[in-house]
Amino acid sequence: MKKYLPIVLILSLTKLLIHLVANRNYGFQRDELLHLSVSEHLAWGYMEFPPFIAVVGKLAHFLFGYSLSGVRLFSTLAGVAILILCCLIAKELGGKRNAIMLAGVSVLAFLPFFRNHTLFQPVAFDQFFWTLAFYFLIKYFNTKNERFLVWLGITAGLGLMNKYTFVVWGLGVVIGLMFFEKGKLFKNKWLHVSGIIALLMVLPNIIWQAKHHFPLLMHLRQLKESQLDEMGPYDFALEQLKFPFTLLISLIGLFASFFDTELRKYKSIGIAVLVVFFAMWLLQSKAYYFFVIYPVLFALGAVKIEKLLSRKPIWNYAVVLVLIVPVIYFIPMATPVLPIDTFVHYAKLQPEKDGRIILTDDYADMFGWEEQVKLADSLYNSLSKPDKEKCIFLAENYGEAGALKILGDKYNLPDPVSRHGSFWTWGPGDKKGDVCISIGNEEEVVRKLFEDCKQIKIITHKYAIDEENNIPVYVCRKPKKDLQQLWPELEQYIFE
């Protein structure tokens, strides 16, 4: 692999540099604020996801504080590792220089990965663990060294502690292994040891879920009702067609795993891919969930293309150009490499009648938080000292609560209170809510909770998402019900 190191290094540095520019721009996205907030409350589980992201968030805060570029670096490093692993898989599949180059370029050219490897979310780590697991599985196929099965189990355990969708990887691989040497691997005790390792690693989270009445099921139900039911029956499959050139590499790789003389020894990988695809489709998964499978397909496709072009290797560079050139224009749409004013001009965005500029949801969700927190700080400091001691911040959703928690850290603001998601589990604290600064809650809500409510301002921002525009801010007093008594009743609303 040493002789191919310059190729891998150049591609990895290219990806890293793009993200280092992008990671510092705009602001924290809503979900990033939640992930950093849970890192302040380490536990074996959370309402929305397993605990891995919280541990990484804790490490990020320890190393960089709440630096935007510092926190996002971890997702970027996961993305760079995926590119490297894809190249290693291509080498393991028998690929030479051109296959390794094509595998790495495919990762670099896959537009969704720019978004995935910018935001501090479990998605980047999910893609990393899937790719690493396939790498260890292929290493075992080639060497029969059982230590790779042990590493496979450890990877699966970490993957499950990062995102529950890793279960689908397990389903696909188990079915795929039935076709590897006629299922002989199931007689190997080390495969069972691997499964036990994964189970033991995820067991604390299962116990946490049981103690909290399996919020995962409640979350899935709400997700289905609010988002997945709106998807058409073919949306999952059609979404994959948006990136035709990298999709073609993937389809070539899938085809080769079944029909290429040398690569069909890996047909269990191809079967696993098909199982994962149809399982996710039947479960009405979001289309991007399937992106985790592409790196191993890129590697397979790259090796097959190298073989097809073995007599005219110069054509491999034509394939590279076809992959890279069309995506260059769209990179600023996928990750914020441009300052916002430059991006608005680049994307030819025109203001609405009210002066707002409509960005994509991801970008729009990076704006408005700082303004909310500055107003909250101003209101808090306008209170008398006795009122400050009684004051709580009541946020309508986890984005607003996360902003108060993470961005409010530099203002030394009290921890926010919210019934939304994991914030509900941390409760209202020991204050009764005698004085409350409400962010985002509508008038009918605050008047149900307090007798005295004074609207201070309606917050708007020309770039912020609709949900965070025209949000009311109230100062409220005289609670109608003690927050500690009210809190258990709010559990049914945590995902609304």
Quick check on Phe255: is it modelled with pLDDT under 95 and on the phi < 0 side of the Ramachandran plot? no
Checking Glu239 against (1) open to solvent by less than 70 Å² (accessible area, probe 1.4 Å); (2) closer than 22 Å to Ala318 by Cβ; (3) not hydrophobic (A, V, I, L, M, F, W, C): exactly one of these is not met. Which one? (2)
How many residues does the range 377-402 contain that are under 12 Å from Gly440 (Cβ atoms) and open to solvent by 10 Å² or more (accessible area, probe 1.4 Å)? 3
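Listed here are the residues, each with its yes/no results for (1) within 12 Å of Val8 (Cβ to Cβ); (2) open to solvent by 50 Å² or more (accessible area, probe 1.4 Å).
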| position | (1), (2) |
| --- | --- |
| Gly45 | no, no |
| Val56 | no, no |
| Ser67 | no, no |
| Arg72 | no, no |
| Thr76 | no, no |
| Leu83 | yes, no |
| Cys86 | yes, no |
| Lys96 | no, yes |
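A quick yes/no check of all residues on (1) outside any strand (DSSP E or B); (2) open to solvent by 20 Å² or more (accessible area, probe 1.4 Å); (3) among the small types (Gly, Ala, Ser):
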{"residue": "Leu404", "(1), (2), (3)": "yes, no, no"}
{"residue": "Phe423", "(1), (2), (3)": "yes, no, no"}
{"residue": "Gly429", "(1), (2), (3)": "yes, yes, yes"}
{"residue": "Ile437", "(1), (2), (3)": "no, no, no"}
{"residue": "Lys462", "(1), (2), (3)": "yes, yes, no"}
{"residue": "Tyr474", "(1), (2), (3)": "no, no, no"}
{"residue": "Arg477", "(1), (2), (3)": "no, yes, no"}
Name the pairs whose Cβ atoms lie under 9 Å apart, with the first residue in the range 53-72 and without any contact (Cβ under 8 Å) to a residue 40 or more places away in the chain, the second β-branched (Val, Ile, Thr), and 6 or more positions between them or separate chains? Ala54/Val38; His61/Val71; Phe64/Val71; Gly65/Val71
Considering the range 347-376 alone, what residues qualify as being open to solvent by 40 Å² or more (accessible area, probe 1.4 Å) and not in a loop (DSSP other than H, G, I, E, B)? Asp361, Glu370, Glu371, Lys374
Could you grab me the full set of residues in the range 439-460 that are outside any strand (DSSP E or B), open to solvent by less than 20 Å² (accessible area, probe 1.4 Å) and not β-branched (Val, Ile, Thr)? Gly440, Asn441
Can you name the condition, by its number, that Ala318 falls short on among (1) more than 23 Å from Phe125 (Cα to Cα); (2) open to solvent by less than 70 Å² (accessible area, probe 1.4 Å); (3) not in a helix (DSSP H, G or I)? (3)
Conditions: (1) assigned to a helix (DSSP H, G or I); (2) crowded, with 20+ Cβ neighbours inside 10 Å; (3) touching a Phe, Trp or Tyr at 6+ places or on another chain (Cβ under 9 Å); (4) modelled with pLDDT of 95 or more. Phe290 meets all but one. Number of the miss? (4)
What's the number of the only condition in (1) open to solvent by 10 Å² or more (accessible area, probe 1.4 Å); (2) of a type outside the set (A, V, I, L, M); (3) not in a helix (DSSP H, G or I) that Lys267 fails to meet? (3)
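Only residues that are assigned to a loop (DSSP other than H, G, I, E, B) and open to solvent by 10 Å² or more (accessible area, probe 1.4 Å): list them for the range 30-42, please.
Keep residues of the range 30-42 that are assigned to a loop (DSSP other than H, G, I, E, B), which gives 39-42.
Matches in the range 30-42: Glu40, His41, Leu42.
The values are calculated or read from the model by the stated rules, or taken from the named source; none is laboratory data. None of these values were measured; they are calculated from a predicted model. Note that we place each Cβ from the backbone using ideal geometry, even for glycine, and neighbour counts take in every protein chain shown. These accessible areas exclude ligands, DNA and RNA; they are computed on the full protein's heavy atoms, side chains included. Shrake-Rupley method; radii C 1.70, N 1.55, O 1.52, S 1.80 Å.
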